[in-house]
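See below for the structure under consideration.
The values are calculated or read from the model by the stated rules, or taken from the named source; none is laboratory data. On a predicted model such as this, the values are computed, not experimentally measured, just so you know. Every residue, glycine among them, receives a Cβ derived from its backbone with ideal geometry; neighbour counts consider all protein chains shown.
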Amino acid sequence: MAIRNIRKMAVAAAAIGVTVVLTVSGCAPASNSDVVIRIAMGASGDAVDSNFDTLKDQYETLYPDRKVEIIVQEDDVYQTTGLSTLLSSREAPDAYFEWSGPRMRNHVADGDGADLSEYLAGDAFAGRFDEGAFTGMDVDGSGIYMVPWTGDVTDVIWYNKTIFKDLGLEVPQTWDEFMAVCAAIKKSGVTPIVEGNKDQWTVGNWASHISSRVIGEDVYADTMNGDAPMNSPAMVEAMTYLADIASNGYINDSVNALPDDEANTQFFLGRAAMIVIGSWLMADAVTDAEGLDFGYFNTPALDGAGDQASVLGISTGFMVNAKSSHIAETMDFLALVASADGTKLWAQAGLAPMTVNPFDGVDADERTVSLATLMSTAPTVVAPSDSGYNIEVAAAFYDAVANIIGGGNVQDALDTAQKRIEEIK
């Protein structure tokens, strides 16, 4: 079965709480004597998903008495209820994709994260990572709980170069220039920005970046941890930038109803000039954006207390279930993920691996390499609200952001968020 069809099955099944297991066509089921390890993740695009099947083949060739099940769920389901359901099931995954930061720490607190320090110091991972790759992957110095995978720039503004060229537009350096670009695109009859904010994180991530730029990184951190008011005058000022996008009609009317993958498709088809989303767009572009001339730019400079050259970013990796009976065998598979050959697979698929020299010997897309450089050389890296700070506070904030980008009143939306946060605290 083609990977694309498998992914469609995964989306449909995940929506009704069913897990889809990807196996290589024609592969015999595991015998009673086989060790079976289960690896869970959200769908990452056809090129990435097929690479895991490649590694599965390699692993089962190296270890004939072992089998691998790759469990893929639709990404938004995985992030919300899917992973937690899997971890509480009778056949819980042995390893699972996660972001560094609070989500990782919560899994460790729940007993679902194994300390991998000893394995990562072993021969299988020797020389694969610099120390900086493990930032955010420890818990109060008690150990390392993730095998690093990718470093993601979480929001940039992707733009259609052909539309910009036809309209005589330049990449904007300031927010005022950005708004002028949006106005010119709208006047031409093209939607300036398409976003799929059905699950709230796409515009929520952008709002995180904008707010950090306006109120400053320290106040942003305090706000997203619930230690500073969400409805402060500075936050109102920050979210007014988003409100202006909505009130001027620079974003699709369906923003809060459209799934993120459908927004990606609309951008790839040239139905909008820009989309704000992370570096992982390149993984979909490998198969879905043939012939499209597009690039990206960081959120333009605003008037504010934060670093106007900051980058919104997060690291990802694979955790190993502390309850697994096959931790060593699972780490053997993750060693393939982090190997030189594995790194080439991810780089060719449009990802930015966190291993050393990730693009050596790889004909990687120049945009992928550029994004990795943007992340590694950024003067300030800011974490998104939903992956770097208090998750319940982030949920209240993202609800407010959805209200604002949908045309709601900024002060009212942030007042409502603050009331929710006070109840949490």
How many of the residues in the stretch 107-124 are at negative phi, in contact (Cβ under 8 Å) with a residue 24 or more places away in the chain, in a loop (DSSP other than H, G, I, E, B) and among the small types (Gly, Ala, Ser)?
2
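In the stretch 337-347, what count of residues is obtained for those that are crowded, with 18+ Cβ neighbours inside 10 Å and more than 14 Å from residue 122 (Cα to Cα)? Steps first, answer last, please.
Taking the stretch 337-347 as the starting set, the residues that turn out to be crowded, with 18+ Cβ neighbours inside 10 Å are 337-338, 342-347.
Remaining after also requiring more than 14 Å from residue 122 (Cα to Cα): 337, 342-347.
Residues flagged as crowded, with 18+ Cβ neighbours inside 10 Å and more than 14 Å from residue 122 (Cα to Cα) within the stretch 337-347 amount to 7.
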Selection count where residues are surrounded by fewer than 20 Cβ atoms within 10 Å (Cβ to Cβ) and of a type in the set (Gly, Ala, Ser), scope the stretch 43-63:
1
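Determine, yes or no, whether residue 350 is at positive phi and surrounded by 23 or more Cβ atoms within 10 Å (Cβ to Cβ). Quick ask: steps written out before the conclusion?
Details: at positive phi: yes; surrounded by 23 or more Cβ atoms within 10 Å (Cβ to Cβ): yes.
It is true that residue 350 is at positive phi and surrounded by 23 or more Cβ atoms within 10 Å (Cβ to Cβ).
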Out of (1) in the same structural domain as residue 37 (by TED's automatic domain parsing); (2) more than 29 Å from residue 174 (Cα to Cα), the one residue 390 does not meet is (1)
Kindly indicate whether any position in the stretch 342-351 is within 28 Å of residue 80 (Cα to Cα) and at pLDDT below 90.
yes
Taking the stretch 384-411, which residues are of a type in the set (S, T, N, Q), in a loop (DSSP other than H, G, I, E, B) and modelled with pLDDT of 95 or more?
409
Counting only residues in the stretch 140-187 that are small (Gly, Ala, Ser), without any contact (Cβ under 8 Å) to a residue 24 or more places away in the chain and not in a helix (DSSP H, G or I), the one nearest to residue 115 (Cα to Cα) is identified as 141
Return a yes/no flag: does the stretch 352-360 have any residue that is among the small types (Gly, Ala, Ser), under 17 Å from the mean Cα position of the chain (by Cα) and either in a helix (DSSP H, G or I) or closer than 24 Å to residue 151 by Cβ (or both).
yes
Here the qualifying pairs (Cβ atoms under 7 Å; residues six or more apart or on different chains; first in the stretch 373-397 and in contact (Cβ under 8 Å) with a residue 12 or more places away in the chain and within 27 Å of residue 421 (Cα to Cα); second assigned to a strand (DSSP E or B) and of a type in the set (Phe, Trp, Tyr)) come out as 387/99
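Per-residue answers, yes or no, for (1) of a type outside the set (Asp, Glu); (2) assigned by TED's automatic domain parsing to the domain that holds residue 301; (3) touching a helix residue (DSSP H, G or I) at 6+ places or on another chain (Cβ under 6 Å):
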| site | (1), (2), (3) |
| --- | --- |
| 185 | yes, yes, no |
| 189 | yes, yes, no |
| 192 | yes, yes, yes |
| 196 | yes, yes, yes |
| 205 | yes, yes, no |
| 208 | yes, yes, yes |
| 212 | yes, yes, yes |
| 217 | no, yes, no |
| 221 | yes, yes, no |
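Looking at 273, 309, 289, 347, which one is without any contact (Cβ under 8 Å) to a residue 40 or more places away in the chain and in contact with a Pro (Cβ under 6 Å, 6 or more places away or on another chain)? Full working, then the answer.
Values: 273 fails: without any contact (Cβ under 8 Å) to a residue 40 or more places away in the chain; 309 fails: without any contact (Cβ under 8 Å) to a residue 40 or more places away in the chain; 289 fails: in contact with a Pro (Cβ under 6 Å, 6 or more places away or on another chain).
Of the residues listed, the single one that is without any contact (Cβ under 8 Å) to a residue 40 or more places away in the chain and in contact with a Pro (Cβ under 6 Å, 6 or more places away or on another chain) is 347.
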Of the residues 270, 306, 295, 249, only one is buried (at least 21 other Cβ atoms within 10 Å of the Cβ) and either touching a helix residue (DSSP H, G or I) at 6+ places or on another chain (Cβ under 9 Å) or assigned to a helix (DSSP H, G or I) (or both); which?
306
Among 301, 285, 328, 372, which is under 19 Å from the mean Cα position of the chain (by Cα), among the aliphatic types (A, V, I, L, M) and farther than 22 Å from residue 101 by Cα?
285
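Which residues, taken from the stretch 179-229, are of a type in the set (Ser, Thr, Tyr) and surrounded by 18 or more Cβ atoms within 10 Å (Cβ to Cβ)?
Listed by number, the residues that qualify are 191, 202, 208, 211, 212, 220, 223.
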Being crowded, with 19+ Cβ neighbours inside 10 Å, part of a helix (DSSP H, G or I), small (Gly, Ala, Ser) and modelled with pLDDT of 95 or more narrows it down to one of 238, 283, so name that one.
238
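Yes/no per residue for (1) within 18 Å of the chain's Cα centre (by Cα); (2) assigned to a helix (DSSP H, G or I); (3) in contact (Cβ under 8 Å) with a residue 60 or more places away in the chain:
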{"site": "206", "(1), (2), (3)": "yes, yes, yes"}
{"site": "210", "(1), (2), (3)": "yes, yes, yes"}
{"site": "230", "(1), (2), (3)": "no, no, yes"}
{"site": "244", "(1), (2), (3)": "no, yes, yes"}
{"site": "263", "(1), (2), (3)": "yes, yes, yes"}
